[in-house]
Amino acid sequence: MDSKEFKIVFGEIAKENNYLKAFGGWYLESSECLAVLELQKSTYGDYYMLNIKVFIQGSFDREYHPTKQLIKSPIGDVTKQVIDDILALDRPMSDDLRIEKLKELFKDTITPFVSKLMTKRSIIEAESKGEIKLLSSVKKELEKLLV
């Protein structure tokens, strides 16, 4: 599977998981948050890193929309990077197995992580449990929004 085919397959699986495509990335919206998935191509090899970014609506007096600038931005209010063999196209793996493993990555990692972060309260809960780290400025802003 080459890079172009991989991105197509990734996009199809993202769509199966209710993500919409925009500007080379995929996003999922709730009334409180906007989650973005972005495949970042490595300059060192034939592999990708998956950047998961969550933007909190109303934080820092901003309403977020899936623009090119937002999809490509290096960081969100909550950010996680996923590095996995499934994303390494230079690692030998049959196409069928890679697709199966990519579906598992969505089911076991991406969907549960993003689902936990689609409300302001759930972000605070995840941070208090140590599941995510928030920059102090983001935490302060989030607490302000919840008052």
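Each reported figure results from applying straightforward, stated rules to the coordinates on display, with no laboratory input. Source: prediction; values computed, not measured. Note: ideal-geometry Cβ built from the backbone for every residue, glycine included; neighbour counts use all protein chains shown.
In table form, for the structure just shown:
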item	result
Amide hydrogen neighbours beyond the local backbone of G58, cut-off 5 Å, H modeled	E63, Y64
In the range 22-103, trypsin sites (Lys or Arg not before Pro) in a DSSP loop with at most 16 other beta-carbon atoms within 10 Å	R62
Dipole magnitude of the chain about its Cα centre (Cβ charges: Lys, Arg +1; Asp, Glu -1), debye to nearest 20	460 debye
Cα centroid of the range 32-88 to Cα centroid of the range 98-147, whole Å	13 Å
Neighbourhood charge, 14 Å Cβ-Cβ cut-off, centred on T111 and excluding it, Lys, Arg +1 and Asp, Glu -1	+2
Using θ = phi - 60° and Karplus 6.51 cos²θ - 1.76 cosθ + 1.60, couplings along the range 36-42 (whole Hz; Gly, Pro as x)	10, 10, 9, 7, 9, 6, 6
Total formal charge among the other residues, if their Cβ is under 11 angstrom from that of K53, Lys/Arg +1 and Asp/Glu -1	0
Net length gained if the chain between S42 and T67 were fully extended (0.36 nm per residue, minus Cα distance)	6.7 nm
Loop-located chymotrypsin sites (Phe, Trp or Tyr not before Pro) in the range 9-57 whose Cβ has at most 12 other Cβ within 10 Å (DSSP)	Y44
Value at 222 nm in deg cm²/dmol, rounded to 500, when DSSP H runs of n ≥ 4 in the chain each add -39,500 (n - 2.57)	-10500 deg cm²/dmol
Descending semi-axes in whole angstrom, ellipsoid equivalent of the chain, from the Cα gyration tensor	29, 15, 14
Loop sites in the range 52-114: GluC sites (Glu not before Pro), DSSP, at most 16 other Cβ within 10 Å	E63
Mean separation of Cα contacts under 8 Å (6+ apart) over length of the range 3-145, as relative contact order %	23 percent
Phi to ³J(HN,Hα) by Karplus 6.51 cos²θ - 1.76 cosθ + 1.60 over the range 73-84, Hz, x for Gly, Pro	4, x, 8, x, 5, 10, 9, 9, 10, 10, 10, 8
Calculated from backbone phi, Karplus (6.51, -1.76, 1.60) coupling profile of the range 88-99 in Hz, x at Gly/Pro	9, 6, 7, 8, x, 6, 5, 4, 4, 5, 4, 5
Among L87, Y47, V114 the positive-end extreme of the charge dipole of the chain (Cβ point charges)	V114
